[in-house]
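Read through the structure below, which is laid out as structure tokens, and then see the notes.
Bear in mind that the values in this text are calculations on the coordinates, not laboratory data. These numbers come from a predicted model, not from an experiment. Positions of Cβ are generated from backbone atoms using ideal geometry, with glycine treated the same way; all protein chains shown enter the neighbour counts.
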């Protein structure tokens, strides 16, 4: 970034960031709840919501990444430590990648298991081998990895805000 970098993120980037947060959180909650349901179509509404959230999340993360490449953004926040700063950049890109992979693996799982007709058509039951699909294992691996990265991201934001007192959180909010 240059000397002319903005102090805050563009309002579109702020909106997409917080929308991504809400979608990931909601998809995680509905996904966990869905995994506890019986193997029939009678209580499939949480899975339907989870799937719709996943598709929406995929669209939002694609728009968000594209916007990130085109709209000016503030310079990377610095802790004063080159290793930690580099790790912070890595975590940001890893968050994008894992959200993207979470949505894509969910769509793959859904297609492999024939879920669209079951979940949106209201007919049938979940396949008995639903939990054996390779995509299910990938989806199940990405979820905790994404959760840990989110915790790391939130912890780093609070470290900047409370320990470094650099007012980092204001960058990802609306205002001047």
TODO: Could you work out how far helix 45-70 tilts from the main Cα principal axis of the chain, as a 0 to 90 degree angle to the nearest 10?
DONE: 30 degrees
TODO: For the chain, find the longest principal axis of its Cα atoms and tell me its angle to the long axis of helix 134-158, 0 to 90°, nearest 10.
DONE: 30 degrees
Open item on the list: Rounding to the nearest 10 and keeping the result within 0 to 90°, find how far the Cα-based axis of helix 82-112 lies from the longest principal axis of the chain.
Closed with: 20 degrees
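Divide by every residue of the chain the summed helix terms, -39500 (n - 2.57) for each DSSP H run of at least 4, and state the resulting mean residue ellipticity at 222 nm, rounded to the nearest 500 deg cm²/dmol.
Values: 4 runs with 106 residues, N = 176.
So the helix-based figure for the chain works out to -21500 deg cm²/dmol.
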Task: Mean separation of Cα contacts under 8 Å, 6 or more apart, over the residue count of the chain: relative contact order % - done: 31 percent
- [ ] Compare the peptides 10-22, 100-112, 78-90 by average per-residue count of other Cβ atoms within 10 angstrom and give them in order, highest first.
- [x] 100-112, 10-22, 78-90
Task: Longest to shortest principal axis, alpha-carbon extents of the stretch 60-102, angstrom - done: 32, 25, 9
